[in-house]
Amino acid sequence: MLNKYLSYSKEVSEALKANQPIVALESTIISHGMPYPQNVEMAKHTESIIREHGAVPATIAIIDGKIKIGLEEDELEMLGKNPNALKVSRRDFAYVVASKQVGATTVATTMMAAEMAGIKFFVTGGIGGVHRGYEEDMDVSADLEELAHTNVNVICAGAKSILDLPRTLEYLETHGVTVVGYQTDELPAFFTRESGHKLNLRLDTVEDIASVIKTKDELQIPSGVLITNPIPEEHQLEKDYINSVIEQATLDAKNQNISGKDVTPFMLAAIVEKTGGKSLEANIELVYNNAKVGAQLAVAHSKLN
Ligand code: PSU
Ligand code: MN
């Protein structure tokens, strides 16, 4: 039944048959996370980094009633400039497939699709989390819940300080998600390497992370591991500067009554505008860095089996 909804690119279908390491990529970062044409360039180059490091990329989206596992270049391009592409979270998944609309998958739904396809690793920029002002609006990203019960391992650069980082960590702890700091003691804050929030677990090699993942699977613990990988030193933004930009963007969102699924895309676009594109450059560089580590991890994991 499931198979009739899944459609694989040639590259991914061959990789699955040959049991090669595969790394999933999300598409909301393309449609709602970055402007065109940088978004499409970023998506293509991320895929090539994954190939350079010995794995096969599988960008995921919903097109014409199918869950696409691996996109062709024209599909990437279409998604990158289609203003009608929907941001699809878990609650929207079945509807967007059934109505044959164009859907970009978030962290949550990319994890779902990757699991359906048997892919264990997924690279992105940043995950959603507990939003600031949680006490009032209870805005918690569905990404966190997905990490708790879907067995796909996610490589990211932490979470932006548009989120309430300590509460995000508490939430992940409550729901049993292993959060790894890759070569760091602290949760990275996306644009900056440090957040001031200490993590429970630091691992310095992809081999060590792969071994934890293998053991978790053998113990049949069905949740994702979140691997947090700091932005490279030379690309990070100055902490006080970016935090003040984020503060302003948060106020803008509040004043303009932005709510629900529009909050994160609104904030991302506002930050790009206020930084004159500096945040976009940093965002792209951290995705490339995650692609490298994600591919290395998928390769290391494949050698364990
Ligand atoms: N953070 C980013 N860039 C993004 C997103 C988050 O820096 O593109 C996207 C991801 O797809 C993530 C989603 O899964 O936003 C979270 O949205 P929400 O906060 O509405 O759950
Ligand atoms: Mn939300």
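A short reminder: the numbers here are calculations on the coordinates, not readings from a lab. Predicted model, so just to flag it, every value in this text is computed and none were measured. FYI the Cβ positions are ideal-geometry reconstructions off the backbone, even for glycines, and counts take in every protein chain you see.
Side notes on the structure shown:
- Ordering of 147-153, 220-226 by packing is 147-153, 220-226, highest average first (other Cβ atoms within 10 Å, averaged per residue).
- Count Lys and Arg as plus one, Asp and Glu as minus one, and take only other residues whose Cβ is under 15 Å from that of VAL56; the net charge is then +2.
- The mean sequence distance of close C-alpha pairs (under 8 Å, at least 6 residues apart), as a share of the length of the chain, puts its relative contact order at 20 percent.
- Among the listed pairs LYS120/LYS198; LYS160/LYS261; LYS44/LYS292; LYS198/LYS292; LYS4/LYS100, those beyond 20 Å (Cα-Cα): LYS120/LYS198; LYS198/LYS292
- The residues MET78, MET267, when put in order of fewest to most other Cβ atoms within 10 Å, stand as MET78, MET267.
- Taking a Cβ cut-off of under 10 Å around VAL130, the surrounding Lys, Arg, Asp and Glu residues balance to a net charge of -1, with basic ones at +1 and acidic ones at -1.
- Our note on the geometry: Cα centres of segment 84-157 and segment 228-278, 20 Å apart.
- Selection from ALA104, SER89, ILE63 lying farthest towards where the dipole of segment 2-304 points positive, charges on Cβ: ILE63
- Global form of the chain, assessed from the alpha-carbon gyration tensor, a/c cut-off 1.5: rounded
- Take every Cα pair under 8 Å whose residues are at least 6 apart in sequence, average their separation, divide by the length of segment 56-182, and the relative contact order is 21 percent.
- Based on DSSP H segments of at least four residues, each scored -39500 (n - 2.57), the chain has a per-residue ellipticity at 222 nm of -14500 deg cm²/dmol.
- Positive minus negative residues near GLY260 (Lys, Arg vs Asp, Glu; Cβ under 13 Å): -1
- Per-residue packing, averaged as other Cβ atoms within 10 Å, sorts the ranges 187-193, 140-146 into the order 187-193, 140-146, beginning with the highest.
- Coarse-grained scattering of segment 182-273 at q = 0.12 Å⁻¹, given as base-10 log I(q)/I(0) from a Debye sum over alpha-carbon atoms: -0.56
- Short-range pairs are left out: with C-alpha atoms under 8 Å and at least six residues apart, the relative contact order of segment 154-284 is 28 percent.
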